[in-house]
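Written out below as structure tokens is the structure these notes cover.
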Amino acid sequence: MNQPFCSPVKALRSVLDAAALLPSPSPETIPLEAACGRIAAADLCARMDQPPFDRSPLDGYALHSADTAGASRETPVTLPVVMKLYAGDAPAAALPAGCAARIMTGAPLPEGADCVLMQELTDSGEETVQLYAAVKPLQNVVFRGEDVAAGAVIAPAGTVLTPAHLGVLAGQGFAVERQQCSDDPEVITGKMQELLTRCDAVITSGGVSVGQKDYLPLVLEKLGAQLVVEGVAQKPGSPMLAATLGGKLVFCLSGSPFAAAATLEQYAIPALLRAAGRREESCIPARAVCTLTNGFSKPSKGNRYLRATACGGKVTLPGAGNTEAHSSGALSAMMGCNCLVEIPAGSGPVEPGTEVEVLCFVQ
């Protein structure tokens, strides 16, 4: 008598159990840029804290919070500016009480400073600065190890490596083919010209906001690029520039990792696929309405996008509602995400169970 067919659930269980007993393939060592879609043969762990020091998430002034007490536009506090720090600099000395340090996004906080005030709330002074708002201790500080702590498992053995994994691993010093430029507009212009002669498109990260060495807008102007997008009303990624130059696309994205990743998914990838000849309808991120399984505690003055994972009509934010997991400087929370949750401008905190619109990453 013929045996009855097994159920679909049992069939899947049987083939997975059989596959697990087969010999594992031999591990290979390959460059990081070739590892997307490959499977980690062993746990890949963080070699160091990321970021490796307390740093500024914005352009402004590093301060002692006590020195900002009572500051407002009506009653500004004036402090001497005793140092200037760019991304990549190392502070030469501690910040004395009663003084300010001009600081750019990504730069390390000098010893003694316990907060940062954004430059939009100052007169942007160079020798002295007027502060138009008070700052709380630890406000506007990205802490050492906030994204990834040394020793943490980035990708357990058996994980399929995604671009987000590769970005986090690159920040840990795993080798990646990449090109960097000095903060010199002439050098950046020459590098952009050289890349455009041999690449179908150019995507940059950093140097596009309001910092004193954010030269990409000047470079595009010098090259005669035609701007397509000059800033976008959203958080993160608002400074993004998109342009055409010599029949090719140029995207200048934020230097903050998640801001760059979000705008890459929203704008650069769809545009590159369209330029490659894909039908427009399959280039645009698909939208769906899903139910949030956890919440987000911050209000959203402008359009906000949160990384998330959607499945079966539900969508989950990383970090169990921890707003720090959504910092534009954090990339690790992007691992495993397949969509962005769109929070409209003017929204308050979002509670679990709320229906939200989701933008699925283009495949």
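First check a/c for region 66-210, with a ≥ b ≥ c the square roots of the eigenvalues of its C-alpha gyration tensor; if it is under 1.5, answer rounded, and if not, answer prolate when a/b is larger than b/c or oblate otherwise.
oblate
Of all the accessible heavy-atom surface of region 105-163, with the other protein chains kept in place and a 1.4 Å probe, what percent is carbon and sulfur?
56
Can you tally the net charge around V82? Count Lys and Arg as +1, Asp and Glu as -1, for every other residue whose Cβ sits under 15 Å from the Cβ of V82.
-3
What accessible area per residue, rounded to a whole number of Å², is obtained for the chain using a probe radius of 1.4 Å?
Per residue, the chain has an accessible area of 53 Å².
Of I39, M83, A133, which is farthest along the charge dipole of region 26-146 in the positive direction, counting Lys and Arg as +1 and Asp and Glu as -1 at C-beta?
So the residue furthest toward the plus end is I39.
About its Cα centre, how strong a charge dipole does region 237-345 have in debye, to the nearest 20, once Lys and Arg get +1 and Asp and Glu get -1 at the Cβ?
The dipole of region 237-345 has a size of about 100 debye.
Could you size up the charge dipole of the chain around its Cα centre, putting +1 on the beta carbon of Lys and Arg and -1 on that of Asp and Glu, and report it in debye to the nearest 20?
That gives the chain a dipole magnitude of about 1020 debye.
Just going by the charge dipole of the chain, with Lys and Arg at +1 and Asp and Glu at -1 on Cβ, which of A275, G313, L117 is farthest out on the positive end?
G313
Would you work out if region 126-227 is rounded, prolate or oblate? Take a ≥ b ≥ c from the square roots of the eigenvalues of the alpha-carbon gyration tensor; rounded if a/c is under 1.5, else prolate when a/b is larger than b/c, oblate otherwise.
Since a/c reaches 1.5 but b/c is at least a/b, the shape of region 126-227 is classed as oblate.
So which trypsin sites (Lys or Arg not before Pro) in region 43-139 are both in a DSSP loop and have at most 15 other Cβ atoms within 10 Å of their Cβ?
In loop regions of region 43-139 (DSSP not H, G, I, E or B), the sparsely surrounded trypsin sites (Lys or Arg not before Pro) are R47, R73.
Given the chain, what count of lysine pairs have C-alpha atoms under 19 Å apart, with each pair 8 or more places apart or on different chains?
So the count works out to 9.
With a ≥ b ≥ c the root eigenvalues of the C-alpha gyration tensor of region 146-290, is it rounded (a/c under 1.5), prolate (a/b larger than b/c) or oblate?
oblate
The values are calculated or read from the model by the stated rules, or taken from the named source; none is laboratory data. Keep in mind it's a predicted model, so treat the numbers as computed, not measured. Every residue, glycine among them, receives a Cβ derived from its backbone with ideal geometry; neighbour counts consider all protein chains shown. Note: accessible area is taken over every heavy atom of the protein model, side chains too, but ligands, DNA and RNA are not part of it. Shrake-Rupley method; radii C 1.70, N 1.55, O 1.52, S 1.80 Å.
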